[in-house]
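Below is one structure, written out as structure tokens, with a few remarks after it.
Rule-based calculations on the coordinates, nothing more; no lab input. What you are looking at is a predicted structure, and each value in this text was computed from that prediction instead of being measured. Note that we place each Cβ from the backbone using ideal geometry, even for glycine, and neighbour counts take in every protein chain shown.
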Amino acid sequence: MARELGAEVTVDYSLDGWQQRVREAVGGTGVDLAFDGAGGELGKAVFDTVANGGRFVTYGTSDGFADIDPEAAKQRQVHVENALADGPPDPATARELLAEALALTAQGKIRPVIGATYPLAQAEKAHRSLEERTTLGKSLLLI
């Protein structure tokens, strides 16, 4: 799906050695910027793909936030940002960001991939699918 959406290189994180394949894909030093949407151990593994002097942005909490060793980040001069460290944005900011996202979606600049839909009564099944990482894209609960 990532290739269909325009990715030049894809790496399967479920395969051993995937971090090295990421580094190789960008010339061996690592990526300049990594976004961690999973957290936990997977987030730590993503951090390992960042080049010295790069940036690591974590917002994933499905497995708890990635616990990045501040000393390791400092030694590699990697800027670590936890986008949710201060909690969710205030309501006015949330409305502003939502309005911007909806406008970009209406313009066709953002195209969410809906991987699954569930009736609200099956919310538990939807959450289990996300936890097990068996759904590609977003899951929607329908009323």
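Can you spot the lysines whose alpha carbon is less than 19 Å from K74's alpha carbon? Ignore those fewer than 8 places along the same chain. Qualifying lysines at Cα under 19 Å: K44. Under 5 Å between amide hydrogens, built in the peptide plane, is the criterion, and for N82 it picks out T58 among residues at least 5 positions away or on other chains. Fewest-first ordering of R128, R111 by other beta carbons within 10 Å of each residue's beta carbon gives R111, R128. Proximity of backbone amide H atoms, modeled 1.01 Å from N, is registered between G54 and H79 at under 5 Å, excluding neighbours fewer than 5 places apart on the same chain. Between the alpha-carbon centres of region 76-143 and region 1-19 there is a gap of 20 Å. Dividing the summed -39500 (n - 2.57) terms of all DSSP H runs of n ≥ 4 by the residue count of the chain sets its mean residue ellipticity at 222 nm at -9500 deg cm²/dmol.
Would you kindly calculate the translational diffusion coefficient of region 6-68, applying Stokes-Einstein with the Kirkwood radius from alpha carbon pairs, for 10 °C and a viscosity of 1.306 mPa s, and quote it in µm² s⁻¹ without decimals? Intermediate results must be reported in sequence, preceding the final value.
Working: Rh = 11.8 Å.
The calculation lands on 135 µm²/s.
Here's the list of aspartates and glutamates a cross-link from K125 could span, going by alpha-carbon distance under 20 Å and ignoring same-chain residues fewer than 8 apart: D63.
Just want the answer: with Cβ charges of +1 for Lys and Arg and -1 for Asp and Glu, which residue in P88, I110, L120 is farthest toward the dipole's positive end in region 39-143? Value: I110. Rounded to the nearest 20, the Cβ-based charge dipole of the chain about its Cα centre (Lys and Arg +1, Asp and Glu -1) stands at 440 debye.
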